[in-house]
Amino acid sequence: MTAGLNFRTALLLLVPPLLWAGNAVVGRLVHDLVPPITLNFLRWALAFVFMLPLAGWLLRPHSSLWPHWKRFAVLGLLGVGCYNALQYLALQTSTPLNVTLVASSVPVWMLAIGALCFGQRISRRQVLGALLSITGVLVVLSRGQWSLLVQIRLVPGDVYVLLATLAWAFYSWMLSQPKDPPDIRNDWAAFLTAQMVFGLGWSGLFAAGEWALTDARIVWGWPLAAALFYVAIGPAILAYRCWGVGVQRVGPNIAGFFSNLTPLFAALMSAAFLGELPQPYHGIAFVLIVGGIVVSSRRPPGR
């Protein structure tokens, strides 16, 4: 069962898009230093090392992880093995505008997958919230000039990020299903580490394929080391922790709207790091995105 959206849960769900926006900036900065799928593997390998002191008991032969290995293998595939690997890969052939635009369809896929695969009913309020939120994202992406959207052309990278979005929608819905043993479900470190155990296998397999099929190389140095520490601690551990708790509290449909704040935060970070001052359309977009969240999360009168 999920509860309504309150102030504390809203703050919790603001953390992931903020860290994910930083993840996109960092991923773009180091794309010449490390191959995209290898970056995903190194990120999670480092995060796994950080989590071992908190949840190392999961690796014991008789822990409750192994009887539920199929579920965590799927969660690890979707959340650890695929999602960010596909996004990093998308940035190799697609523009940031296209990648962010396709990724902004998360709320729509959340609603569709919930209705088709998990028996969830879609209300008019949720549809209206989705439209408001996506409109706000389009305002940011077009920089207030709608003519820019007409110039977008799909490339292979757009397909990769679409697959990433679908993987994230399925992952979020699976999080909302209470099928995990209590000692793992009630321990955030154990729950995340359980996904990493199998996710590292998937991401390592994908990285091995990248090195076998491409001329992959790594340029080691302090810039790459700093980037790895950030993406391992922030977007990997903290963001996944906050997202998991938020989804459990309010459900995937409502939580999905908060992901649309990612491009807005990315725009603000670009303004901070590139010296570009915020424009009026940033404020308009913020109102639309937050309005979509509020409309979709409000309970009908009498409930």
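All of the numbers you see were taken from the coordinates with simple rules; none came from a lab. Note that this is a predicted model, so its numbers are computed, not measured. Virtual Cβ from ideal backbone geometry, glycine too; neighbours counted across all protein chains shown.
Quick check on packing: order 107-116, 218-227 by the mean number of other C-beta atoms within 10 Å, highest mean leading.
107-116, 218-227
Protection proxy ranking for 43-55, 74-86, 196-208, using the average of other Cβ atoms within 10 Å per residue and placing the highest first: 74-86, 196-208, 43-55. With the charge dipole of the chain set up from +1 on Lys and Arg Cβ and -1 on Asp and Glu Cβ about the Cα centre, the Cα lying farthest toward the positive end among the listed residues Leu59, Val219, Pro182 is that of Pro182. Extension gain for Phe229 to Arg217 (0.36 nm times residue separation, less C-alpha to C-alpha distance): 2.4 nm.
A DSSP coil position with no more than 15 other Cβ atoms inside 10 Å describes the following trypsin sites (Lys or Arg not before Pro) in region 182-270: Arg217.
With both labels modelled 7 Å from their Cα along Cα-to-Cβ, the Arg8 to Leu54 distance reads 1.8 nm. Think of the chain as having a plus end and a minus end, set by charges on the Cβ of Lys, Arg, Asp and Glu; of Gly251, Pro280, Pro235, Gly251 sits farthest toward the positive end of this dipole.
Each Lys or Arg adds one and each Asp or Glu subtracts one; over the other residues with Cβ under 15 Å from the Cβ of Trp20, this totals +3.
Taken as entire DSSP H runs, the helices of the chain that both span 27 Å or more between Cα atoms along their own long axis and average 0.0 or more on the Kyte-Doolittle scale are 7-29, 36-55, 156-175, 188-213. Counting only C-alpha contacts under 8 Å and six or more residues apart, can you give the relative contact order of the chain as a whole percent? The value is 42 percent. In the chain, helical runs assigned H by DSSP with n ≥ 4 each contribute -39500 (n - 2.57); averaged across all residues and rounded to the nearest 500, the mean residue ellipticity at 222 nm is -22000 deg cm²/dmol.
Dimensions of the chain based on its C-alpha atoms, expressed as ranges along the principal axes with the largest first, amount to 53, 52, 31 Å.
To the nearest 20 debye, what charge dipole does the chain have about its Cα centre, counting +1 at the Cβ of each Lys and Arg and -1 at the Cβ of each Asp and Glu? Here the size comes out at about 980 debye.
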